[in-house]
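Take a look at the structure below.
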Amino acid sequence: MMTLKVNGREHQVDAEADTPLLYVLREDIKLNAAKFGCGLGQCGACTVIVDGKAVLSCVTPMVLLEGKQVTTLEGLGTIAEPAPIQRAFMEEQAAQCGYCIAGMMMRAQALLQRNSKPTDEQIRAELEPHLCRCGTHMRILRAVHRAARLMDTADASSPASRSAR
Amino acid sequence: MNAPIILDRRRVLAGGGALIISFSLTSAFAQQQDAPAAPAPSPPGSLKTSPYLDAWIRIDTDGGITVFTGKAELGQGFRTAFQQIAAEELDVAFGALKVVTADTKVTANEGYTSGSNSMKDSGTAIQIAAAQARELLVAEAAKRLDLPVENLRTADGAVIAPDGKRLSYGELVAGDMLHVQAQPKSKLKNPAAYRVIGQSVPRVDIPAKVTGGAAYVQDMRLPGMVHARVVRPPSYGAQLTECDTSTVEKLPGVVKIVRDGNFLAVVAEKEFQSIKAMNALAAATKWKETASLPKQDDLLAVLTSLPSQNTTIFERGNASATGQKTIEATYTRPYQAHGSIGPSCAVAQFVDGAMTVWTHTQGVYPDRQGIAEMLRMPPASVRLIHVEGSGCYGHNGADDAAADAALIARALPGRPVRVQWMREQEHAWEPYGPAMVTKLKASLDGNGKIADWNFEVFSNTHSMRPGGAGSMLAAQHMAQPFALPAPRPLPLPEGGGDRNAIPFYNFPNAHVVHHFIPAMPLRISAMRALGAYHNVFSIESFMDELAALAGADPVEFRLKHLDDSRGRDVIEKAAQSFGWKAGQTSPQNRGFGFAFARYKNLAAYCAIASEVEVNRETGRPRLIRAVAAVDSGQVVNPDGLINQIEGAIVQSMSWTLYESVSFDDTRITSIDWQTYPILRFDAVPESVEVHIINRPGQPFLGSGETGQGPAAASIANAIANATGRRLRNLPLTRKRIKEAIDA
């Protein structure tokens, strides 16, 4: 048993030390957003935030996560109370099949938390580890720009932006 | 999250206070079209194959409205579009109804969700069903109120009398109006009165997808569910000669090892346990492999030397037009992968002799037939329920994963079994888009017009979908295997390898030959746009070569050979929006390109202008901007259509610049995203602009496969414009461009 802190809550998890975080999030904690795409760290679909940094959960074993804070897309907001990044992706309709989107959003979130006004070049460079097969890239870029603007103007005390920290 | 709503079709049929509109359509659709009077048109698409469907629309006594479609939402967004169509014709609020998608127990058999046909097939059926349901409700209200129907109107799910009295649809349906045959004529709304159709309604599936809702088959968790992984053979035709399961059986969590001939799988309580067990099991097997693959670097010779069935599919002659200058060219396309971001997945459960499979297949009914045959079960005992998966772009591993899950679940009665493929399995085992060769030859007359045109295409079939069990890997690998069905060319006018092979332009002399190649050295099937991707790439590249020979502007040259007014409109719109000018010069190291096609020569029109930059030192190409114009008939959801065309351009750019399946003489060697690189963000264009030409009241023409061919040719033409070199072999890689520049 080990303790894993996810989206502000502690979970007692019975997983072998070499189990990648992705499987624990999806199977033990029953979260949907982080996706299995390649298991090789090549596509970004599994991306979550660990201690403020975007991390590929499919290649991050549990043994490295003791005492760390994990944030998934579920931890940012809900349909009723979406975080700025979620609102931005809805407003830009930035998905087709959407399988890659949660990972994209988490890396974008990590970027915006450390750089609230990224340039287009910085956003593209940041998203380089991520693949989208539907060709939704133009909308994804627009959504990240929109999220930056929304976060800039968001009420810092709103539940969504609080939990994103 | 829009969880699939499970409805018992028998209960639906039994009525239970529900209004059911059934179809035996003959000419209902025709009245919308300005088609010639004779011969009488057949009913729209899916109604052809399922003429007695009786559950498109259901209205419950509580006013709840359900729309049924046999099509599968694959990320195109048509669930939202269907909801718009039904809301419009029923006169209810968009949010007042829900859409149930493909499920063999409750929806129509609409075959596959493919070919950009969903709007035409299902959208049209839903439109007519909704309109006729509304008419029946109005008629019922008229009877009850003793008023003429002309005095009644509908709004917000109710029929309203002149005095303001409202009868809700739920109240009205409670009467005896249960089973009603659809009439040949429908009172469809005047498009000028549309308030939901034509609006960019936000997609209903996106909120769950951006907040971590359960949105995919991959997200299913059933009580008692176990996880399975398949150990695939290392190559096509490999035979399992040794398999020591003793160690693996003792691994933590392992529930069962399932072996049936060359089919080998392991089941464990937890997912990562199943992956570790799969790896251990793979290490404990020995396979006998056969070197059976052709030479990857000489597909031209391979394809043109394999035996083929040759058919002249188009012939037009006009002796008065004679060519003076003749050119010819050969274009090739490699095998290309669907490359879904999420590997294929399915969940199956075998209970009391009945098999249920949750799958992201494109065709629940044909896939059910294949699985039932494989399991030697009656189809009625097998139920397939579509649940969204990662985008598939055609026939990927979805059906195979469904068969895997079913075969494994049968060995574990009662327990739901979830199977997801590994990345390398998806890359190595999916059925690829077939390699193709086209040979073109044409002549210009003295006025710089095309006098004769010859086109030959060499290709496999473009669909090896189930139907039969033999289409699915699990059934092929069983100890008593099912044979791969004989491949067949897909019939025109839609075609397969010859899709869009017949020129849409007016050439006085034209000759088109389809060389259908039955032998399939690599596993292939339907990939988005089928042969149209390569045929349009070839035709539209060659049009530019001919325009250059004629000394003509590429846009003017196309218009000179095209009478179709809707085709001309998209060409002019794209050119004008792009800022295209005859005699233009592009900035240094940049080029402009243009291309046009009408998908399948019978669906949506699309023209694309593009600007590409080429680094002359490295050869690296970059699409800077693309401007598209599209005419998809009556637009239902403009933003959804734009999203599809944007996606087509960006996806096609990836196919066109980067992608080819690699293999040695025995094994597929492109088995992940390192060995099969696709577009990444550094190469994403600066802008992609899509202009819609709406055609109110015209038939829906679909959109998902409209842009891929024109995008490929537009980019190729821009590269030729930038470098002065014509590249004819896909993909147009940095290396090939560099070699062309240096040649």
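Readers should treat all values here as calculations from the given coordinates under stated rules, not as data from a laboratory. Quantities reported herein were computed from a predicted structural model and do not represent experimental measurements. Cβ coordinates were reconstructed from backbone atoms using ideal geometry, including for glycine residues, and neighbour counts include every protein chain displayed.
Observations
- 3J(HN,Hα) along the stretch B:241-247, derived from phi through the Karplus expression 6.51 cos²θ - 1.76 cosθ + 1.60 where θ = phi - 60°, amounts to 9, 9, 7, 9, 8, 4, 5 Hz, with x in place of Gly and Pro.
- Using the Cβ-Cβ distance between B:THR330 and B:ASP665 with R0 set to 25 Å, the FRET efficiency works out to roughly 0.50.
- Ranking B:SER292, B:ALA451, B:GLY213 by Cα position along the charge dipole of chain B, where only Lys, Arg, Asp and Glu carry charges on their C-beta atoms, puts B:SER292 farthest toward the positive end.
- Simple spin-label estimate for A:MET2 and B:ALA193 in nanometres, 7 Å along Cα-Cβ: 6.5 nm
- Rounded if a/c under 1.5, otherwise prolate or oblate - the protein assembly as shown, Cα gyration tensor axes: rounded
- Short-range pairs are left out: with C-alpha atoms under 8 Å and at least six residues apart, the relative contact order of chain B is 14 percent.
- Cα gyration tensor shape for chain B, rounded if a/c is under 1.5, else prolate or oblate: oblate
- Gain on full stretching of the segment that runs from B:LEU147 to B:LEU251 - 0.36 nm per residue minus C-alpha separation: 29.9 nm
- Mean sequence separation of contacting Cα pairs (under 8 Å, at least six apart), scaled by the length of chain A, corresponds to a relative contact order of 25 percent.
- Distance violations [Cα-Cα > 28 Å] among B:LYS449/B:LYS600; B:LYS573/B:LYS600; B:LYS105/B:LYS256; B:LYS439/B:LYS735; A:LYS68/B:LYS276; A:LYS30/B:LYS256: B:LYS105/B:LYS256
- For the stretch B:603-681, the relative contact order comes to 21 percent (Cα pairs under 8 Å, sequence separation of at least 6).
- Linear extension gain, B:THR675 paired with B:VAL351, 0.36 nm per residue minus alpha-carbon span: 112.5 nm
- Sequence-distant residues sharing a close amide H with B:GLU689 (under 5 Å, placed H): B:ALA626, B:VAL627, B:ALA628
- With a Förster radius of 51 Å applied to the C-beta separation of B:GLN309 and B:GLU242, the computed FRET efficiency comes to 0.80.
- Difference of contour (0.36 nm per residue) and Cα-Cα distance, B:ALA96 to B:ALA319: 74.1 nm
- Considering only the Cα atoms of chain A, their convex hull presents on average a projected area of 8.8 nm².
- For B:VAL99, residues with placed amide H under 5 Å, excluding near neighbours: B:VAL67
- Taken about its Cα centre, the stretch A:84-163 carries a charge dipole of about 80 debye when Lys and Arg each add +1 at the Cβ and Asp and Glu each add -1 at the Cβ.
- Within the stretch A:84-163, the proportion of C-alpha pairs whose separation exceeds 21 Å stands at 20%.
- Helix-only mean residue ellipticity at 222 nm for chain B, each DSSP H run of n ≥ 4 adding -39500 (n - 2.57), per residue, nearest 500: -8000 deg cm²/dmol
- Amide H contacts of B:LYS325 (H built 1.01 Å from N, under 5 Å, at least 5 apart or other chain): B:LEU444
- Taken along the Cα-to-beta-carbon direction at a fixed 7 Å, the label points for B:GLN576 and B:ASP563 span 2.4 nm.
- Cα-based shape type of the stretch B:647-702, given that a ≥ b ≥ c are square roots of the gyration tensor eigenvalues and the cut on a/c is 1.5: oblate
- 3J(HN,Hα) couplings calculated from phi for the stretch B:715-730 with the Karplus curve 6.51 cos²θ - 1.76 cosθ + 1.60 (θ = phi - 60°) are, in sequence order, 5, 4, 5, 5, 5, 4, 5, 6, 10, x, 10, 9, 9, 10, 10, 6 Hz; Gly and Pro show x.
- Sites A:ILE79 and B:ASN109 - FRET efficiency at Förster radius 22 Å, r taken between beta-carbons, to 0.05: 0.05
- Dipole-positive endmost among A:ILE49, A:PHE36, B:VAL347 within the protein assembly as shown (Cβ charges, Cα centre): A:ILE49
- Cleavage-rule hits, trypsin sites (Lys or Arg not before Pro), the stretch A:11-53, DSSP coil, Cβ neighbours within 10 Å at most 16: A:LYS30
- Placing +1 on the Cβ of every Lys and Arg and -1 on the Cβ of every Asp and Glu, with no other charges, gives the protein assembly as shown a dipole of roughly 220 debye about its Cα centre.
- Between A:LEU64 and A:ILE29, the modelled label-to-label distance comes to 1.6 nm, taking each label 7 Å out from Cα in the direction of the beta carbon.
- Per-residue HN-Hα couplings for the stretch B:402-413 [Karplus 6.51, -1.76, 1.60; θ = phi - 60°; Hz; x = Gly/Pro]: 5, 5, 4, 4, 5, 5, 6, 5, 4, 7, 10, x
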